[in-house]
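Shown next, in structure tokens, is the structure this report addresses.
The values are calculated or read from the model by the stated rules, or taken from the named source; none is laboratory data. Fair warning: this is a prediction, and the values are worked out from it, not measured in the lab. Cβ placement follows ideal geometry from the backbone for every residue including glycine, while neighbour counts extend to all protein chains displayed. Side chains are part of the model used for accessible areas, which takes the heavy atoms of the whole protein and leaves out ligands, DNA and RNA. Shrake-Rupley method; radii C 1.70, N 1.55, O 1.52, S 1.80 Å.
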Amino acid sequence: LGYIGLPTAAVLATHGFQVVGVDTDASVVKVLNSGGVHIEEPGLRTLVQGAFNSGLLRAEEKPIQADVFIIAVPTPLMETHADLSFVENAAASIVGCLRQGNLVILESTVPPGTTAHVVAPILERSGLKAGRGFHLAHCPERVLPGSIIKELLENDRVIGGITDACARRAQELYSAFVSGKLFLTDTSTAELVKLVENTFRDVNIALANELARVCDRLGLDVWEVIDLANHHPRVNLLRPGPGVGGHCISVDPWFLVESAPDEARLVRLSRAINDSQPDVVLSLIEEALQEIEDPKVTLLGLAYKGNVDDTRESPALAVLHRLRMRGYRVAAVDPHVTRPQQALCSMDEGIAGSDLAVLLTDHREFEALDPEDIGTRMRTRQLLDTRNFLDVHAWRQAGFRVLRLGCRKHDRQ
């Protein structure tokens with residue numbers, strides 16, 4: 001019942017299905033059954049509470065017998081390989097509940113072949129055969145945090161079946177709530193399609209990040225270069241930043257590399273470029289603070305993207321870790337992230353006596369900051385904007401030295 005499982009469960013319940021949401025974390029189950037929500041996502045609280053109040057959704061710690069089982073668990077990265085232990089454990093947990101004619105759907109993002117060669121053998125411990133005794137399909141999620149509910153309902157979906165009949169059986173379920181098109185294929189193709197979608201974005205972000213380094217070298221403004229280049233009718237460059245985060249784009253390309261290590265050379269290089277972006281940010285920070293004794297750095301944002309609370313694989317955490325390892329005094333401010341392990345503080349506390357504010361996450365709350373007010377509480381008026389998100393002119397008018405990613409020499413001029 002995480003970022004995908006909980007919204008999916010709530011959507012199914014609001015479309016008339018009787019749903020049991022399973023999570024092995026007893027605290028999550030308790031929060032949900034008591035009327036709370038443990039994830040920040042626009043519209044989710046209202047949707048979940050409506051589903052629970054209707055009696056069509058409840059949370060449990062273990063699976064029960066059902067007609068359909070949807071597995072939506074994490075697949076973390078272990079160095080450059082997929083950790084399938086959560087998928088394997090989830091599949092094993094429903095073996096005792098599986099009955100003739102049931103449908104099992106894997107939504108977790110996995111390397112090609114996982115559904116057929118990892119999940120199917122586990123489920124077949126039930127004595128039933130995949131494709132004959134029960135239906136088995138892979139339908140990867142393809143939603144964007146911040147728009148999860150809308151995209152669950154409206155996005156096209158790719159459904160891969162162990163057999164054609166399995167794909168059609170899964171299609172019946174998704175057609176009950178998805179207004180987008182449903183495309184049927186085999187499981188391995190569906191698994192690869194999801195990896196390709198996220199790899200496409202990762203490679204393009206790597207190009208943008210590499211362009212930022214080129215512009216630094218040439219004394220040009222990467223943001224202006226990208227904006228002008230994108231006026232070409234067949235060019236659509238993405239934006240550079242402090243790195244790539246989230247559970248998908250920063251992780252899934254490695255599953256593709258794992259599947260074909262000798263062939264996926266561009267994918268591997270793109271991952272290396274994006275994973276090294278926090279070091280580029282660190283070099284800018286150290287340059288700004290090199291003449292200041294015992295400097296304090298304020299990080300604005302720890303979430304991996306704006307207006308969400310998701311810190312999974314966030315480059316902001318990588319920057320935070322690097323600064324602490326080098327002995328800097330660091331304060332972190334994030335209006336969306338509430339997890340105590342991140343050692344967050346209020347804006348007032350974070351900015352007091354600071355020598356550099358570093359914008360790492362483009363939360364709308366930061367856009368509304370008053371640079372004059374912020375400056376009066378800082379020891380040194382300096383801003384590093386890694387996303388070109390703030391009004392540079394306004395901050396400079398307030399007496400700030402402003403640095404931007406991809407404009408190092410340009411901003412000195």
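By definition, a body whose alpha carbon gyration tensor gives a ≥ b ≥ c is oblate when a/c is 1.5 or more and a/b is not larger than b/c, and segment 1-129 fits this oblate description.
When the helix-only estimate is applied to the chain (DSSP H runs of n ≥ 4, each -39,500 (n - 2.57), divided by the residue count), what is the mean residue ellipticity at 222 nm, nearest 500 deg cm²/dmol?
Calculated from helices alone, the mean residue ellipticity at 222 nm is -11500 deg cm²/dmol.
For segment 51-119, the list of GluC sites (Glu not before Pro) that fall in a loop by DSSP and count at most 13 other C-beta atoms within 10 angstrom reads Glu61, Glu79.
Keeping all protein chains in place, calculate the accessible area per residue for the chain (probe 1.4 angstrom), answer in Å². With all protein chains present, the chain gives 45 Å² per residue.
Which percent of the accessible area of segment 58-158 is formed by carbon and sulfur heavy atoms (probe 1.4 angstrom)?
Numbers: 2220 of 4380 Å².
Answer for segment 58-158 is 51 percent, counting heavy atoms of protein chains only.
Give, in whole angstrom and from largest to smallest, the semi-axes √(5λ) of the equivalent ellipsoid of segment 258-348, with λ running over the eigenvalues of the Cα gyration tensor. Show your work: numbers first, answer last.
Numbers: eigenvalues 157, 72, 18 Å².
Rounded to whole Å, the semi-axes are 28, 19, 9.
Quick one: work out the % antiparallel among DSSP beta bridges in the chain, nearest 5.
On the way: 4 of 39 bridges.
About 10 percent, rounded to the nearest 5.
The value of relative contact order for segment 201-304, using C-alpha pairs under 8 Å at least six residues apart, is 33 percent.
Just so you know, the averaged projected area of the alpha carbon convex hull for the chain sits at 21.4 nm². Mean separation of Cα pairs under 8 Å and 6 or more residues apart, divided by the residue count, gives the chain a relative contact order of 12 percent.
How large is the translational diffusion coefficient of segment 148-278 in µm² per second when you combine the Kirkwood radius over alpha carbon pairs with Stokes-Einstein at 25 °C and 0.890 mPa s?
Working: Rh = 16.9 Å.
My calculation gives 145 µm²/s for D.
Counting only protein heavy atoms and a probe of 1.4 Å, the accessible surface of segment 281-413 is 45% carbon and sulfur.
Can you give me the Kirkwood hydrodynamic radius for segment 46-108, using every pair of distinct Cα atoms, in Å to one decimal? Before the final figure, lay out the partial values.
Values: mean 1/r = 0.0733 Å⁻¹.
After inverting the pairwise mean of 1/r, the radius is 13.7 Å.
The convex hull built on the alpha-carbon positions of segment 336-378 has an orientation-averaged projected area of 3.3 nm². Surface calculation, 1.4 Å probe, protein heavy atoms: His393 sits at approximately 120 Å² accessible. The convex hull around the C-alpha trace of segment 264-413, projected and averaged over every direction, spans 9.4 square nanometres. What pairs from Lys129/Lys194; Lys30/Lys181; Lys194/Lys296; Lys62/Lys129 go past 31 Å between their alpha carbons? Check vs 31 Å cut-off fails for Lys30/Lys181; Lys194/Lys296. Here the simple spin-label model places points 7 Å from the Cα toward Cβ, and for His117 and Glu210 these points are separated by 3.1 nm. When the Gaussian network model of the chain links Cα atoms closer than 10 Å, the mean-square fluctuations of Glu258, Glu365, Glu141 top out at Glu365. I need to check one value: relative contact order of segment 76-230, counting alpha carbon pairs closer than 8 Å and at least 6 residues apart, in percent. Across segment 76-230, relative contact order equals 20 percent. With a cut-off of 11 Å on the backbone N, no residue of segment 68-102 is near the modelled label site 7 Å out from Glu151 along Cα-Cβ. The long axis of helix 265-275 is offset from the longest Cα principal axis of the chain by roughly 50 degrees. Label-to-label distance, Asp279 versus Arg217, with points set 7 angstrom from Cα along the beta-carbon direction: 1.5 nm.
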